[in-house]
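Here is the structure we will look at.
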Amino acid sequence: MPSQALFVRTVEHYLAPIKAFLDDSGVTEVMINRFDEIYIEKDGKIVKTDARFTDPQAYEAAINNILQFTGRSLSDDQPLIDSRLPDGSRVHVAKAPCARNGTSVAIRKFSQMVLDIDWLIELGTLTTQARDFLRLAVNAEQNMLVAGGTSSGKTSLLNALSSFIPDDQRIVVIEDSAELQLQKNHLISLEAQQPDRYGRGEVTIRELFKSSLRLRPDRIIIGEVRGGEALDMIQAMTSGHGGSMGTLHANSPADTLNRLETMALMSEIELPLFALRSQIASAVDMVVHMSRHIGGRRLVTQISEVNPVDDAGNYTLRDLFVLKPVDKDNPDHQMQLAWTGERSALGNRADRLASQHQDLLTDPIKPILGMD
Ligand SMILES: Nc1ncnc2c1ncn2[C@@H]1O[C@H](COP(=O)(O)OP(=O)(O)OP(=O)(O)O)[C@@H](O)[C@H]1O
Ligand SMILES: [Mg+2]
């Protein structure tokens, strides 16, 4: 199959007549009935546009271009075909005889979809092996941070991972502005408040955090850690709220721990650096790092476990998964998350995991736990 980079370039070329709609975040759907009849859904309303492909041939070439990246083509004898654009938007093509007025295309823009974990796998964001491992880690109450750059897909992944939390556990979600859409019943969602124009009524993340502890959660989820609440989170993680999670802006798993440290130092509580570092290293079990790639793809680039600090007081990490080219002779080809061969610390609890989570111990992750 052609490479992702080529896909991005050719789609831009063939879909030029509708590119403005694809780039407009207010547009949620693009519907093409004919080469010269294009509707969009914008802000909830469906409107006919003036956009058009030059002629039926250009329209057909555009569809074929999209389809070839899923190994299909308009000449397939199947009349209904699902495909997607490089940015993950879903494309549905219906052609004759089912579509009685000629080939019709509907593009559901990506941002409107709930990203469940299996859809993230389909997008290449992670692999089934990594999913199985993270599902076990969530169930084994590992404290986890999803880190990465701006718009790298952290919040979406956290949302998807939260579905692994057992239904009988009570979750408190703390956010600056409500964004997560956890599909859970036993859930309390707290949102920070800006002060009004007289400076009254402000509720900070730290205040929410203190309140959350009185709400007796099993787990705490922080939408984004960005200030002094980092220290509250670290302390909660080490005191009975195992399995807590959050996102954080950072450049690498190691950078994640340094940033957490810097943020914890922003709280007014004084703690010797060595003590803080060892607390961070024992609080955070795992960092899942993400980044944004060409064509708008978001990939998990690393899953690393945090070791205890070394004698000099430095953080050390153990990379369990890293990004590798699927085909190493072709650097332009897609990258995929792969197990490094390092054993997970969860392997130390293998017997307990086997008795409590037998169903989650799938064959692909047994070697990661040192079980064969
Ligand atoms: N796995 C993915 N593949 C492709 N696109 C994705 C993926 N995850 C998220 N996106 C898209 O990327 C955009 C940013 O996603 P998200 O908000 O999850 O990222 P973020 O890292 O939390 O961003 P921020 O830095 O703003 O907090 C959204 O438009 C989302 O639909
Ligand atoms: Mg986010």
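The values are calculated or read from the model by the stated rules, or taken from the named source; none is laboratory data. Here the structure is a predicted model, which is why all the values come from computation and not from measurement. Positions of Cβ are generated from backbone atoms using ideal geometry, with glycine treated the same way; all protein chains shown enter the neighbour counts.
Only residues that are hydroxyl-bearing (Ser, Thr, Tyr) and crowded, with 18+ Cβ neighbours inside 10 Å: list them for segment 12-32, please.
Those that are hydroxyl-bearing (Ser, Thr, Tyr) and crowded, with 18+ Cβ neighbours inside 10 Å: Tyr14, Thr28.
Which residue pairs have Cβ atoms under 6 Å apart, sit 6 or more places apart or on different chains, and have a first residue in segment 245-263 that is in contact (Cβ under 8 Å) with a residue 24 or more places away in the chain and a second that is more than 13 Å from ligand 1 (Cβ to nearest atom) and charged (D, E, K, R)?
These pairs meet every condition: Ala250/Arg259.
Restricting to strands (runs of 3 or more DSSP E) lying wholly in segment 17-84: which have 2 or more residues that are modelled with pLDDT of 90 or more?
The strands (runs of 3 or more DSSP E) meeting that bar are 27-34, 37-42, 45-48.
Would segment 217-232 turn up any residue that is more than 16 Å from ligand 1 (Cβ to nearest atom), of a type outside the set (Val, Ile, Thr), at pLDDT below 95 and farther than 26 Å from Ser152 by Cβ?
The answer is yes; a qualifying residue exists.
Just one of Ala192, Ala147 is in contact with a helix residue (DSSP H, G or I) (Cβ under 6 Å, 6 or more places away or on another chain), under 26 Å from Asn258 (Cα atoms), modelled with pLDDT under 95 and of a type in the set (Gly, Ala, Ser); which is it?
Just a single option satisfies the conditions, and that option is Ala192.
Identify the single condition in (1) part of a loop (DSSP other than H, G, I, E, B); (2) under 19 Å from Pro253 (Cα atoms); (3) charged (D, E, K, R) that Arg318 does not satisfy, given that it satisfies every other one.
That leaves (1) as the condition not met.
Considering only strands (runs of 3 or more DSSP E) fully contained in segment 165-230, which possess at least 3 residues that are more than 16 Å from ligand 2 (Cβ to nearest atom) and touching a residue at least 12 places away in the same chain (Cβ under 8 Å)?
The strands (runs of 3 or more DSSP E) meeting that bar are 187-191.
Would you check if Leu248 is surrounded by 14 or more Cβ atoms within 10 Å (Cβ to Cβ), more than 15 Å from ligand 2 (Cβ to nearest atom) and assigned by TED's automatic domain parsing to the domain that holds Asp310?
So Leu248 does not fit the description; no.
So which of Arg34, Arg100 ends up being over 30 Å from Phe164 (Cβ atoms) and touching a residue at least 40 places away in the same chain (Cβ under 8 Å)?
Arg34
Tally time: how many residues in segment 151-202 are within 16 Å of ligand 1 (Cβ to nearest atom) and on the phi > 0 side of the Ramachandran plot?
2
Given the residues Arg292, Arg277, which is the only one that is assigned by TED's automatic domain parsing to the domain that holds Gly149 and either of a type in the set (S, T, N, Q) or buried (at least 18 other Cβ atoms within 10 Å of the Cβ) (or both)?
None of the others qualify; the one that does is Arg277.
Among the listed residues Leu123, Leu157, Leu136, identify the single one that is at pLDDT 95 or above and more than 14 Å from Leu360 (Cβ to Cβ).
Selected residue: Leu157, the only one of Leu123, Leu157, Leu136 that is at pLDDT 95 or above and more than 14 Å from Leu360 (Cβ to Cβ).
How many of the residues in segment 231-244 are out of contact with any helix residue (DSSP H, G or I) (no Cβ under 9 Å at 6 or more places or on another chain) and either in contact (Cβ under 8 Å) with a residue 60 or more places away in the chain or buried (at least 23 other Cβ atoms within 10 Å of the Cβ) (or both)?
1
Please state which one of Ser355, Ser304 is over 30 Å from Glu207 (Cα atoms) and touching a strand residue (DSSP E or B) at 6+ places or on another chain (Cβ under 7 Å).
The match here is Ser304.
Just wondering, is there one or more residues in segment 92-104 that are within 24 Å of Leu6 (Cβ to Cβ) and part of a strand (DSSP E or B)?
Yes, the conditions are met somewhere in segment 92-104.
Count, please, the residues in segment 321-365 that happen to be surrounded by 15 or more Cβ atoms within 10 Å (Cβ to Cβ) and basic (Lys, Arg).
So the count comes out to 1.
Residues being at pLDDT 90 or above, on the phi < 0 side of the Ramachandran plot and over 22 Å from the mean Cα position of the chain (by Cα): count how many of those fall in segment 295-341.
Number satisfying all stated conditions: 9.
Condition check ((1) assigned to a loop (DSSP other than H, G, I, E, B); (2) more than 17 Å from Asn143 (Cα to Cα); (3) among the aliphatic types (A, V, I, L, M)) across all residues:
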position: Ala275; (1), (2), (3): no, yes, yes
position: Ser278; (1), (2), (3): no, no, no
position: Val288; (1), (2), (3): no, no, yes
position: Gly295; (1), (2), (3): no, yes, no
position: Leu299; (1), (2), (3): no, yes, yes
position: Ile303; (1), (2), (3): no, no, yes
position: Asp311; (1), (2), (3): yes, yes, no
